[in-house]
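**Q** After the structure tokens below, expect a handful of questions from me.
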Amino acid sequence: MESKGLVFGLAVWLVFYALAIGLNQILGYFRSWGADGSATYMVFIVFLLAALFILTYLLIKKSGISFLQNELIAIGAMWVILTLVVSFLFGVPWGGRYWHRLVSMPNIPIGDGGLILLVAQLLAPITTKFAVDL
């Protein structure tokens, strides 16, 4: 596995996570002004999904690296692990719930945006590469 690809993958994750934090702060202002919390949360998820796939496209298309399938799977797994580790370390609310409440829940709803983002992070590199190669 080429370490340059992992470094670029790490850089993309850092940009994505910074966007997530910034967007959460911006939408927090709208919520504080009385905007519907579930509507702003859905906007947050949609924007993050779009940003994730745009950043992944730029990684694959513009980095000049010829990624192998196993490298893309490793990058997706790295993104999920980094997201979980940082979220656990800093107590980031996940879908409006904190980790101790999320872990104690017996049934996590499928529509939870946090889970959708984790799955998207895992699959984004390989699916974007497939779409780019079409």
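Throughout, read-outs are computed from the coordinates displayed, never taken from laboratory work. These numbers were taken from a predicted model, which means no experiment stands behind them. No Cβ is skipped: glycine too gets one built from the backbone with ideal geometry, and neighbour counts run over all protein chains shown.
**Q** Which residues in segment 15-31 place their backbone N less than 18 Å from a point set 7 Å from the Cα of I54 along the Cα-to-Cβ direction?
**A** 15-27
**Q** Apply the Karplus curve 6.51 cos²θ - 1.76 cosθ + 1.60, θ = phi - 60°, to the phi angles in segment 76-88 and return the couplings in whole Hz, x for Gly and Pro.
**A** For segment 76-88, the Karplus-derived couplings read x, 5, 4, 4, 5, 5, 4, 4, 5, 5, 5, 5, 5 Hz, x marking Gly and Pro.
**Q** Roughly speaking, what is the stretch gain from V132 to F30, that is 0.36 nm per residue apart minus the C-alpha to C-alpha distance, in nm to one decimal?
**A** Here the segment from V132 to F30 would lengthen by 33.1 nm.
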